[in-house]
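Report on the following structure.
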Amino acid sequence: MIRLGILGAGNIAHRFMKGVQGAETFSVVSVYARKADKAKQFADDFNIQSYTDDLHQFLNHDELDAVYIATPNFLHFENVMQALRAGLHCMVEKPAFIEPAQALSAYQFAQEHNLILMEAMKVCYLPTTQKAKQWLNDGKIGKVIHMEASFCRKSDIDASHPIFDVQKGGGALFDVGCYALAMVRELLNEPNHVDAWFHLCASGVDDTAELLLTYQDTWASIQASFLLDKQNAAIIYGSEGTITIPDFWKSSRMELQRYDGLKESFICDQPSEFTPQINYFADLILGKVKSNASISGLLNCGIIKEAIEHGYNQN
């Protein structure tokens, strides 16, 4: 059993814990939060024996093997390096890093010290995503012509939240567009070129973003927004049909529709959309699989950062 600590006790960590409960290889032994009462409440909610508001004490817990980092985006690099230096494997919530140099530094440190560093990009590990990849490899919709992925939801989050601060990794593209970008890269691999368009809100971050990713013989479009509500999905258009994955970042179902009228559906029963990535993290730690999961987060960060630096300057 791998002994896991939870670094950060916010909303995403609560959802992550439901995923842990569906996994079989982790035992959560400790939780850290900046406020002791919040750490205690989290520990009580999930029957965790140890809790603290002392980060040094948390990272040096003598029964800890790995940590899940669920702090705000701008704290990820600092927290990751603290955990790695304590000899702990790390899964860090998306976006893992907001600067490519941070991602590269952390990745190299983990490699040099034989530690696992994985971005918690759940969309890449969902059964629906892996089934879509299989369908594409089997040629079920023919040659891929175009892919689109949209994650747009109107937000009522207070303007003081870090997602509205450009210096803290804010903006729709970093917050929710990273899911769409990861989905496209998982299915189509790396683009040859990326173009970007942004609508900036009063705080200076993008509340709506669109990316156009071009490949040798196909293209993909991504939409991310705090401003718009849409029926979100990933859709892959082929020469012989389409694959549609509603709410692709947490989906448990999808449909293949061929132009000759044939249909195929895929439905999976999963305890939580977080469970597949948690199981994969365990497999990495146990040496059951080898992966470039760490460097993938670096590439996502680099594409987004470059798009932002170029696109913001055009507004």
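Counting only helices (runs of 4 or more DSSP H) wholly contained in region 90-199, the ones carrying 2 or more residues that are in contact with a helix residue (DSSP H, G or I) (Cβ under 7 Å, 6 or more places away or on another chain) and over 22 Å from V80 (Cα atoms) occupy 127-137, 178-188. Taking the conditions exactly as written (crowded, with 23+ Cβ neighbours inside 10 Å, among the small types (G, A, S) and not assigned by TED's automatic domain parsing to the domain that holds D247), does A110 satisfy them or not? Answer is no for this residue. Taking the conditions (1) over 27 Å from G302 (Cβ atoms); (2) surrounded by 18 or more Cβ atoms within 10 Å (Cβ to Cβ) in turn, E93 satisfies each one other than (1).
When we screen G177, G169 for residues that are crowded, with 19+ Cβ neighbours inside 10 Å and out of contact with any strand residue (DSSP E or B) (no Cβ under 9 Å at 6 or more places or on another chain), the only hit is G169. Looking across region 249-261, the residues that are within 16 Å of Y237 (Cβ to Cβ) and either modelled with pLDDT under 95 or in a loop (DSSP other than H, G, I, E, B) (or both) come down to Y259, D260. Of the residues L75, L84, which single one is in contact with a His (Cβ under 7 Å, 6 or more places away or on another chain) and either assigned to a helix (DSSP H, G or I) or of a type in the set (D, E, K, R) (or both)? Among L75, L84, only L84 is in contact with a His (Cβ under 7 Å, 6 or more places away or on another chain) and either assigned to a helix (DSSP H, G or I) or of a type in the set (D, E, K, R) (or both).
Take K140 and decide whether it is crowded, with 17+ Cβ neighbours inside 10 Å and free of Cβ contacts under 8 Å to residues at least 24 places away in the same chain. Taking the combined requirement at face value, the residue does not satisfy it. Going through (1) in the same structural domain as E264 (by TED's automatic domain parsing); (2) in contact with a Lys or Arg (Cβ under 7 Å, 6 or more places away or on another chain); (3) not aliphatic (A, V, I, L, M) one by one, F164 falls short only on (2). Whether any residue in region 249-264 is surrounded by fewer than 22 Cβ atoms within 10 Å (Cβ to Cβ), under 13 Å from E148 (Cβ atoms) and within 22 Å of the chain's Cα centre (by Cα) is what I want to check. Scanning region 249-264, I find no residue that is surrounded by fewer than 22 Cβ atoms within 10 Å (Cβ to Cβ), under 13 Å from E148 (Cβ atoms) and within 22 Å of the chain's Cα centre (by Cα), so the answer is no. In summary, I267 fulfils each of the numbered conditions (1) buried (at least 17 other Cβ atoms within 10 Å of the Cβ); (2) β-branched (V, I, T); (3) without any contact (Cβ under 8 Å) to a residue 24 or more places away in the chain with the single exception of condition (1).
Within region 195-230, the residues that satisfy the criterion of being more than 21 Å from K143 (Cβ to Cβ), among the hydrophobic types (A, V, I, L, M, F, W, C) and surrounded by fewer than 19 Cβ atoms within 10 Å (Cβ to Cβ) are W197, L200, C201, A202, L227, L228.
Filtered by the rule that a residue be touching a strand residue (DSSP E or B) at 6+ places or on another chain (Cβ under 6 Å) and either among the aromatic types (F, W, Y) or not assigned by TED's automatic domain parsing to the domain that holds C152 (or both), region 184-218 gives W197, F198.
The values are calculated or read from the model by the stated rules, or taken from the named source; none is laboratory data. Remember, predicted model here, so these are calculated numbers, not experimental data. Ideal geometry is used to build each Cβ from the backbone, glycine not excepted, and the neighbour counts take in all protein chains shown.
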